[in-house]
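**Student:** Got a structure here, written out as structure tokens. Questions coming.
The values are calculated or read from the model by the stated rules, or taken from the named source; none is laboratory data. Since the structure is predicted, the reported quantities are computational estimates derived from the model, not experimental observations. Cβ sites come from the backbone with ideal geometry, for glycine too, and all protein chains shown count toward neighbours.
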């Protein structure tokens, strides 16, 4: 079978012409997403979120205790200073 020049009509279908393949490009891509990895990472992520929330509560409570202790120390230092003037 002989190759015919591009753009020429074929013998069997004279009205149909072959397209010129001069500026044709092809691009393809594949993406593989392992769904099981996402599903298996949900439980540890949830546990991490709960641990972070619990940690924030502990940090808040520790800050309250520190503020109370600092206030008592400041009061006792003031009281000691007042008592020394007497």
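**Student:** Does residue 55 fit the bill of being out of contact with any strand residue (DSSP E or B) (no Cβ under 6 Å at 6 or more places or on another chain) and at pLDDT 95 or above?
**Tutor:** yes
**Student:** From 55, 36, which residue is exposed (fewer than 10 other Cβ atoms within 10 Å of the Cβ) and assigned to a helix (DSSP H, G or I)?
**Tutor:** From the options 55, 36, the qualifying one is 36.
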